[in-house]
Amino acid sequence: MRTTRRTTALVAGAAAALLTLTACGGDSDPLEQDTGDGGEETSSDTIVVGSQAYYSNEIIAEIYAQALEADGFTVERNYSIGQRDAYMPALEAGEVQVFPEYTGNLLQYYDPETTATSADDVYAELADALPESLTVLDQSPATDQDSYNVTAAFAEAEGLTSIGDLAGLDDLTLGGPAELEERPYGPQGLSEVYDVDVAFEATGDTTVQDLVAGTVDVANVFSADPRIQTEDLVTLEDPEGLFLASNVVPLVSTDVADQVADVINPVSAALTPEGLVDLNVQSTEEQRSSEDIAADWLSENGLA
Amino acid sequence: MDLFADAIAWIFSPEAQSGSLPLSEAIWTHLAFTFVSVLIAAAVAVPAGWLVGHTGRGREAAVALSGAARAVPSFGLVLLLVLVFGVTHKVGASTTAFVLLAIPPILAGAYSGVEAVERRVVDGARAVGMTSRQVLGKVEIPLGLPLLIGGLRSATLQVVATVTLAGYVGSWGLGFYIVQGIQIRDFAQILGAALVIVVLAVVLDLLFALLERAVVPHGVAARRSAD
């Protein structure tokens, strides 16, 4: 009998541990939580703001959230919902109503074959490609997209301002993630669009370090990466539209679009490319919380 | 099965032979990383293992080391060493990580091979007047060779599989195609590269199996067949 009792205790303990674990899991999954009360449409004054699991995206989401609060909305925050495949279903179902997105990447999600590259073309195609339940508000001039960068010293020595200026330079090596080689804007695109011939070197997670160390001459870095500032890099201009433009854009539920547009459109207009980099620097270099960064940015821009 | 057919087609496609890393060069760099790492590891671990096995000193340390080192996450080690060594020394950093990975099995093979020699045989060697060095060189090492080759065999297999990680830090080895393939969702390329790695591993394993048989001393082999 004794063993039975001990077994029962063990099983109970294990079950309790399991429950605790699942409870944790439930908490960390924002989508899970929502299904409980999100069935019926939330009252018109409560707006659910979501973000990707990407620090820069969360800062923008927090700016939206605080701007909405300043205007009298009740805001529920649902941050770090992973990547696009994870959160788009929640947005389409209306469980999350406001979400900072990027035009180019979002367009590619709905239309992988798209040939649009300029900011306006991408925005126009995106508006058509979205399902009816979703709407994009005005796009911001701020972008977070692939870009080609060189060191300031190299740019100065060769007089580089645009990607086309690389044409004619010998022995150029392009660094970036392994898949860059196969992307439309990779070595082949460089050669076709700008007549720039490069060798390719996969540099994985150390692309910026490789550029600084000189193992590669040109590097593919996200345009809002703070290291463009901190490592003194120069982003080459892309007048021919080699890269798919990816401006920051608020993706909202069509139901609430009219309500929130007046609050969020001015935020998008005020967010510049340099401003976005600066927000990221505050996060990665100064380790400030997104609440503080967002509050300061809103008051500096007279929006809250 | 279609995927396998696609993967095999990828291996022989012109697409695999071109690009920044042609398949032949990937195989070559993959094998170069493997052999250089195992050779360096052997240069360190074999003498150390023989010494441990012969003297019995430091045995606990060797056992603990080879046990603990198996738990080191190779991926983290490769990235860490690249950051520590700096990006201009990626090859050295990756090789160091693979050497550290290869040392434990070789060390274990070397000391257990020497240790496993029957005490009676060692005592006999001493009794006919061999010096300690002669006992090691003429008795313990030759008799322990099959276990040492076994250690080299498992080290080589581990390293040939793990060199795949070099693809995360540069354009080397067959791992490059896997890293690239995951991002562009080219499953034929991923599986194709994986299959080539499997073939390399199987071929190397067979070679070591033959070698393992070949190094059994004549006397021992004769006695075994007599049994």
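Listing for the model above:
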item: Answer residue from the range A:183-202, given it is over 15 Å from residue B:180 (Cα atoms) and among the acidic types (Asp, Glu) and is farthest from the other protein chains (Cβ to nearest Cβ) among those; result: A:195
item: Matching option when the condition is within 13 Å of chain B (Cβ to nearest Cβ) and not hydrophobic (A, V, I, L, M, F, W, C), among A:254, A:230, A:215; result: A:215
item: Breaking point among (1) within 14 Å of another protein chain (Cβ to nearest Cβ); (2) within 16 Å of residue B:160 (Cβ to Cβ), for residue B:86; result: (2)
item: Spans of strands (runs of 3 or more DSSP E) in the range A:130-180 with at least 3 residues of a type outside the set (Asp, Glu) and surrounded by 23 or more Cβ atoms within 10 Å (Cβ to Cβ); result: A:146-151, A:172-176
item: Odd one out for residue B:131 among (1) within 14 Å of chain A (Cβ to nearest Cβ); (2) of a type in the set (Ser, Thr, Tyr); (3) without any contact (Cβ under 8 Å) to a residue 12 or more places away in the chain; result: (1)
item: So residue B:74, is it touching a strand residue (DSSP E or B) at 6+ places or on another chain (Cβ under 7 Å) and closer than 30 Å to residue A:214 by Cβ; result: no
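Bear in mind that the values in this text are calculations on the coordinates, not laboratory data. Here the structure is a predicted model, which means the values were calculated and not measured. We place every Cβ from the backbone using ideal geometry, glycine too, and count neighbours over all the protein chains shown.
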